[in-house]
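The block underneath contains the structure these notes are about, expressed in structure tokens.
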Amino acid sequence: MRRLHRLAEIWQKHRYHADTGSRWYSRASGHTHKTCRDLLRKGNQPLEQVANRIQELSKLNNENQKCNQTYLAVKYESFLATGEKVFTTVEMNGSYQLSRNIKDKWFLSVHNDIVEMMYAVSANDKIKIVGRHIKTKFDFFERPFNSSHINVYATSLDYEVEESRGYNLQDVKCKLLCMVCNSQMVFIPVLTTLGVIIK
């Protein structure tokens, strides 16, 4: 816990001096970086994982600003009991896919709803994902900051879902990885899917 407080203190000092452009920042930034790195690499390394995810997100945002292409595809036809033709897989810009498979079915909407994909429909050259969002979610951790700031959420194993509805592809914020931890379902964003531009 002491290590966590020290890290938070160094980070606040570093940000304050970086914003004001003081000489302390230019002299001490190298030392601050080394101290943060040392603090993160000791122990069980949970903070190192958080720091790595934040760095990856920052790098990804820079890369996504350079990429503007749109590529979408639906695959694997299926039919509902009503006879309506649906698709079980949607490819998003060639960078990832959403499907009914357990590893590909969860995504986060732009309104921060955790949605379970059921199927996709294509009409008038537009693709919609039909899914159900989880009614109740909460932060997986609250220290050193709320996990929702990095799109990490949790819910109970016996979660309830809303009625199914259609989502435009522009409503998809990112794909989620789901895992069970401490009798909770934890949803972690797949960082390479954050910021993929769908027009």
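Nothing in this text is a laboratory measurement; each read-out follows from the coordinates by a stated rule. Only a predicted model underlies this, so the values are computations on that prediction, with no experimental measurement involved. Cβ sites come from the backbone with ideal geometry, for glycine too, and all protein chains shown count toward neighbours.
Annotation: average projected area of region 72-120 is 4.0 square nanometres, based on the convex hull of Cα atoms across all directions. Loop-resident GluC sites (Glu not before Pro) (DSSP state other than H, G, I, E or B) in region 80-127 with no more than 16 further Cβ atoms inside 10 Å of their Cβ: GLU84. Spread over its residues, the convex hull of the C-alpha atoms of region 130-199 is 92 Å³ per residue.
Note on region 72-193: Cα-only Rg and Dmax are 14.7, 51 Å.
Region 118-149 and region 150-173 have Cα centres separated by 3 Å.
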